[in-house]
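This is the structure, below, for whatever I ask next.
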Amino acid sequence: QVQLVESGGGLVQPGGSLRLSCAASGTMFTIYAMDWYRRAPEKERELVAIITSGGSTKNADSVKGRFTISRDNAENTVHLQMNSLKPEDTADYFCHTLWGGVDYWGRGTQVTVSS
């Protein structure tokens, strides 16, 4: 069983920054690959960024150069640093991992980019 809890969302002006965090339970955290997804109103869920257990990362084209995913294995936490935010980044952001053939999701944190 893996529990994921996101935090750090909020309202920010265009061009601003936010840092999302995802706290994961479980002693096997270091071997989880972790992802951030987002779902904007009336849009499909979108994979935003991935970080492997070894620390390799990959971002969606829509956030390249602006978002950075990282992990702190000592704290069982994954972060998503979001810079140069745009209104189209407005969405609910979810932390996810696949472990033992089971998808685990957090409840999400809302990000609103608006002036």
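Tell me, what % of the accessible area of the chain is carbon and sulfur with a 1.4 angstrom probe? Don't jump to the answer; show the numbers that get you there.
Numbers: 2890 of 6300 Å².
After summing per-atom areas, the C and S share lands at 46 percent.
OK, next. May I ask you to derive the FRET efficiency for Asn73 and Ser17 from their Cβ-Cβ distance with R0 = 22 Å, giving the value to the nearest 0.05?
Calculated transfer efficiency: 0.40.
Related question: Around Ala23, what is the net charge, scoring Lys/Arg as +1 and Asp/Glu as -1 over all other residues with Cβ under 11 Å from its Cβ?
On the way: positive: none; negative: Glu6, Asp72, Glu75.
Neighbourhood net charge equals -3.
Tell me the net charge near Glu46. Cut-off is 9 Å between Cβ atoms, Glu46 excluded, with +1 for each Lys or Arg and -1 for each Asp or Glu.
Numbers: positive: Arg38, Arg39, Lys43, Arg45; negative: Glu44.
Residues close to Glu46 contribute a combined charge of +3.
Sticking with this one: Just the number: Rg to Rh for segment 51-115, Cα atoms, Kirkwood Rh, two decimals.
Details: Rg = 13.2 Å, Rh = 13.4 Å.
With Rg and the Kirkwood Rh in hand, the quotient comes to 0.98.
In Å, what Rg and Dmax follow from the Cα atoms of segment 1-68?
Taking only Cα atoms of segment 1-68, I get Rg and Dmax of 13.4, 38 Å.
So, one more: When the label point is put 7 Å from the Cα of Ser56 along its Cα-to-beta-carbon vector, which residues of segment 32-49 have a backbone N closer than 20 Å?
Those under the cut-off are 32-37, 47-49.
At a threshold of 8 angstrom on Cα-Cα distance, excluding pairs fewer than six apart, so keeping six or more, what relative contact order does the chain reach in percent?
Values: 276 pairs, mean separation 42.0, N = 115.
Relative contact order for the chain comes out at 37 percent.
The values are calculated or read from the model by the stated rules, or taken from the named source; none is laboratory data. Every value quoted in this text rests on a predicted model; they were computed, and no experiment measured them. A quick note on method: Cβ atoms are made from the backbone with ideal geometry, for glycine too, and the neighbour counts reach across all protein chains shown. For accessibility, only protein heavy atoms count, side chains too; no ligands or nucleic acids. Shrake-Rupley method; radii C 1.70, N 1.55, O 1.52, S 1.80 Å.
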